[in-house]
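The values are calculated or read from the model by the stated rules, or taken from the named source; none is laboratory data. The shown structure was predicted, so the numbers you read here are calculated from the model rather than taken from an experiment. Using ideal geometry, Cβ is built from the backbone for each residue, glycine included, and neighbour counts are taken over all protein chains shown. When the accessible area is computed, the model is the full protein with side chains, heavy atoms only, and any ligands, DNA or RNA have been set aside. Shrake-Rupley method; radii C 1.70, N 1.55, O 1.52, S 1.80 Å.
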Amino acid sequence: MPEMLEAETARVLIAARALGRVIARVHAPDAWFLKRGLTPAGVRTALKGQTLVSARRRGKLLLADTDEDGPTLAMHLGMSGRILIDGEAAGDPLLYAANGDNPTWRRFGLTFADGGTLYVRDPRRLGAIELDPDEDRLGPDASTVKLPYVRALLGRSRAPVKAVLMDQSRIAGLGNLLTDEVLFRAGIDPARVANELDDAELRSVSRAIGTTIRTLGRRGGSHTGDHMIARAPGAYCPRDGAPMLRRAVGGRTTYSCALHQR
Ligand SMILES: [Zn+2]
């Protein structure tokens, strides 16, 4: 499932392959995929003739700016979305090939004047397209948050610490896997009440956010965490051999160590 690391891989692909290309045609075959009042006719009119000039990201949200007074194209990857440029996906091409392809999964696309294409391929159809999104409905990108922010955020919430970290309006980019890895590394039980963490624990969480993003980014994605091997029923902690707990926390399937996450 795409989290901020997968969105960053897609952003790098867009930056490398799509910038400077003129949009000749817009494919919007699925009106449901367009959000916040956007229509197929509206998105065609707004983007046709524009050039993509920059590729940005905030949390999991991909943003492509167009030239002059053109709109910003926002792409949400949802649970299964990927960006294809000229038929190639970012990341592992073998994984992509093994997934197969299906024209109906191409929920939105651009044809450039040079004949190439950019598609959002999304089998589960939980992604979305919008123009000129309100970027501030998202919190700061997780790669930028520091201890004072984490301390203030967790300090005022009675929700489980995992639920607060996954709230995109507070910190943008941490999904289920990254959050479980952060708390595994920090040694914190995901179900702990956020404002009951002491200062040493807040420091551990803040530090683990940074190291998790950097380390898993280097390894190649949110599925490369240290705890991944133990995300299975009956698994044991790779750090200390204690049984892993499987629970729903914040509405999401959560794996944590019964011993070192307290
Ligand atoms: Zn453990």
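Among the aliphatic types (A, V, I, L, M), in contact with a helix residue (DSSP H, G or I) (Cβ under 8 Å, 6 or more places away or on another chain) and without any contact (Cβ under 8 Å) to a residue 40 or more places away in the chain: does that describe VAL193? It is true that VAL193 is among the aliphatic types (A, V, I, L, M), in contact with a helix residue (DSSP H, G or I) (Cβ under 8 Å, 6 or more places away or on another chain) and without any contact (Cβ under 8 Å) to a residue 40 or more places away in the chain. In segment 121-140, the condition of being under 27 Å from ARG192 (Cβ atoms), open to solvent by less than 20 Å² (accessible area, probe 1.4 Å), in contact with a Lys or Arg (Cβ under 6 Å, 6 or more places away or on another chain) and not in a helix (DSSP H, G or I) is met by at least one residue.
With the requirement that a residue be of a type outside the set (S, T, N, Q) and touching a helix residue (DSSP H, G or I) at 6+ places or on another chain (Cβ under 9 Å), what does segment 133-147 give you? Of everything in segment 133-147, those that are of a type outside the set (S, T, N, Q) and touching a helix residue (DSSP H, G or I) at 6+ places or on another chain (Cβ under 9 Å) turn out to be GLY139, PRO140, ASP141, ALA142, VAL145, LYS146, LEU147.
Scanning segment 41-60 for residues that are touching a strand residue (DSSP E or B) at 6+ places or on another chain (Cβ under 7 Å) and assigned to a helix (DSSP H, G or I) gives VAL43, ARG44, ALA46, LEU47. Residues in segment 182-201 that are more than 14 Å from the ligand (Cβ to nearest atom), out of contact with any strand residue (DSSP E or B) (no Cβ under 9 Å at 6 or more places or on another chain) and open to solvent by 40 Å² or more (accessible area, probe 1.4 Å): ASN195, GLU196, ASP198, ASP199, ALA200, GLU201.
So which residues in segment 46-83 are among the hydrophobic types (A, V, I, L, M, F, W, C), over 17 Å from ALA24 (Cα atoms) and at pLDDT 90 or above? Scanning segment 46-83 gives ALA55, LEU61, LEU62, LEU63, ALA74, MET75, LEU77, ILE83.
Within segment 211-248, the residues that satisfy the criterion of being among the hydroxyl-bearing types (Ser, Thr, Tyr), free of Cβ contacts under 8 Å to residues at least 60 places away in the same chain and closer than 29 Å to THR9 by Cα are THR211, THR212, THR215, THR224. For ALA208, the conditions (1) assigned to a helix (DSSP H, G or I); (2) touching a residue at least 60 places away in the same chain (Cβ under 8 Å); (3) open to solvent by less than 30 Å² (accessible area, probe 1.4 Å) all hold with the exception of (2). Only one entry in THR254, THR179, THR224 is open to solvent by less than 50 Å² (accessible area, probe 1.4 Å) and in a helix (DSSP H, G or I), namely THR179. Scanning segment 229-262 for residues that are among the hydroxyl-bearing types (Ser, Thr, Tyr) and near the ligand (Cβ under 9 Å from one of its atoms) yields TYR236, SER256.
To keep it simple, each residue is scored yes or no on (1) of a type outside the set (A, V, I, L, M); (2) within 13 Å of the chain's Cα centre (by Cα).
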| residue | (1), (2) |
| --- | --- |
| ALA142 | no, yes |
| SER157 | yes, no |
| GLY173 | yes, yes |
| GLU181 | yes, no |
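The rows are residues; the columns are (1) under 20 Å from ILE213 (Cβ atoms); (2) touching a residue at least 60 places away in the same chain (Cβ under 8 Å); (3) in a helix (DSSP H, G or I).
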residue: ALA7; (1), (2), (3): yes, yes, yes
residue: ALA16; (1), (2), (3): no, no, yes
residue: TRP32; (1), (2), (3): no, yes, yes
residue: LEU38; (1), (2), (3): no, yes, no
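Scanning segment 206-228 for residues that are more than 16 Å from the ligand (Cβ to nearest atom) and more than 20 Å from PRO2 (Cβ to Cβ) turns up SER206, ARG207, GLY210, THR211.
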